[in-house]
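These notes are about the structure you will find just below.
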Amino acid sequence: MRKKIKEAIKILKALGAPKNVLSERSALVLLSLAGMKPRGDWRNCGNPRLGIVGNKKGNGYSGIMQFMQTMYKKKYAENTRETIRRNDIHTFIQLGIVEQNVDDPAIPTNSSKNHYSLIPEFVEVLKKFGTPHFDSAIDFFVKTSETRNKRYKKKKLKEQISVELPNGRILKLSPGDHNELQARVIDSFCKYFAKGAIVLYIGDTADKYLHFEAEGLLEIGINISKESHTKLPDVVLYDSDKGWLYLIEAVTSHGPIGDSRIHVLENMLSDIDCGVVYVTAFLSREDFRKYAADIAWETEVWIAEEPTHMIHYNGDKFFGPRKKKM
């Protein structure tokens, strides 16, 4: 086992990889993505499509961490998945040896179907490891990396979802239904129900810091750091003329704004003076029906396929903020 790990580190060094991936864990990630077992031969390395976490599937494996545990007896804690994603996988992508969702670029990062694989050119380099041709093969791979990386970035840009904020700034969201819905909120919901509002926060499934207006949030009494901003809903808007704060959850796979979610948000926003409007957004009526019973009273529902209408979960009034339940 140690021999294969040392070989993987040697390959990463030959690539000119930074120190943060010259480790046992990073080597195991590379071995997993190459389908290399402890006694395997590099000439027979594979190129499976693997997520970070997975289960045994027939004679194969759907996850990097599961492969490492089964083949190399290395079990990492569940919370290591983000370290692997942000440190190892992200660096491998920057090195130009790994690409994401090659089978379907529209799969979002937070999907259970999200996966990674080695680029075919690098697989051919790995097959030469241990032969007299390896050094020249990896030298050529490194020398041509700039051209190859430009091609990959151009391909990714085509797949991104473009959205224009009310202030004219253009954001590029990663592909996927969740980000498509967030873009529709900015494009259509703002047009019909929050005209003039500014966008204080919009997350991206791949980059949660994509648009985070810390100063604007602080001005209305929301003191929250980037590290803890994940408590915020998917989209936060503020209309200074009305004094309304819109908290919008874009629901494609996770739950809507229910009673427990409101309780958490009200505790977090206890210092604000403006009125709060809670909105759950869906792409379609079909999606709405799945979650209708879980939506809290005195909140609003917006469906992207019928953008000029709202569903009001209320008994005494229509669209607008409510008094806090606390």
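The values are calculated or read from the model by the stated rules, or taken from the named source; none is laboratory data. Because the structure is predicted, anything quoted here is derived from the model rather than measured. Every residue, glycine among them, receives a Cβ derived from its backbone with ideal geometry; neighbour counts consider all protein chains shown.
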*For residue 100, are the conditions met, namely being surrounded by 12 or more Cβ atoms within 10 Å (Cβ to Cβ), modelled with pLDDT of 85 or more and within 30 Å of residue 281 (Cβ to Cβ)?*
yes
*If we keep just the residues of region 125-144 that are of a type in the set (Gly, Ala, Ser) and in a helix (DSSP H, G or I), which is nearest to residue 33 (Cα to Cα)?*
137
*Selection from region 284-301 of residues that are surrounded by fewer than 16 Cβ atoms within 10 Å (Cβ to Cβ) and of a type outside the set (D, E, K, R)*: 284, 292, 293, 297
*residue 278 vs. criteria out of contact with any helix residue (DSSP H, G or I) (no Cβ under 7 Å at 6 or more places or on another chain) and of a type in the set (Phe, Trp, Tyr)*: no
*Would you mind stating whether residue 49 is closer than 25 Å to residue 174 by Cα and modelled with pLDDT of 90 or more?*
yes
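Listed here are the residues, each with its yes/no results for (1) in a helix (DSSP H, G or I); (2) at pLDDT 90 or above; (3) among the small types (Gly, Ala, Ser).
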{"residue": "107", "(1), (2), (3)": "no, no, no"}
{"residue": "123", "(1), (2), (3)": "yes, yes, no"}
{"residue": "167", "(1), (2), (3)": "no, no, no"}
{"residue": "172", "(1), (2), (3)": "no, no, no"}
{"residue": "178", "(1), (2), (3)": "yes, no, no"}
{"residue": "183", "(1), (2), (3)": "yes, yes, yes"}
*For residue 281, indicate whether it is within 21 Å of residue 178 (Cα to Cα) and surrounded by fewer than 21 Cβ atoms within 10 Å (Cβ to Cβ).*
no
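Here is a yes/no grid of residues against (1) more than 17 Å from residue 194 (Cα to Cα); (2) at pLDDT below 90; (3) within 30 Å of the chain's Cα centre (by Cα):
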| site | (1), (2), (3) |
| --- | --- |
| 254 | yes, yes, yes |
| 257 | yes, no, yes |
| 262 | yes, no, yes |
| 274 | no, yes, no |
| 277 | no, no, yes |
| 296 | yes, no, yes |
| 322 | no, yes, no |
| 325 | yes, yes, no |
*Looking at 147, 70, which is the one that is surrounded by fewer than 17 Cβ atoms within 10 Å (Cβ to Cβ), modelled with pLDDT under 90, hydroxyl-bearing (Ser, Thr, Tyr) and outside any loop (DSSP other than H, G, I, E, B)?*
147
_Residues to consider are 269, 247, 232; find the one that is at pLDDT below 90 and surrounded by 21 or more Cβ atoms within 10 Å (Cβ to Cβ)._
232
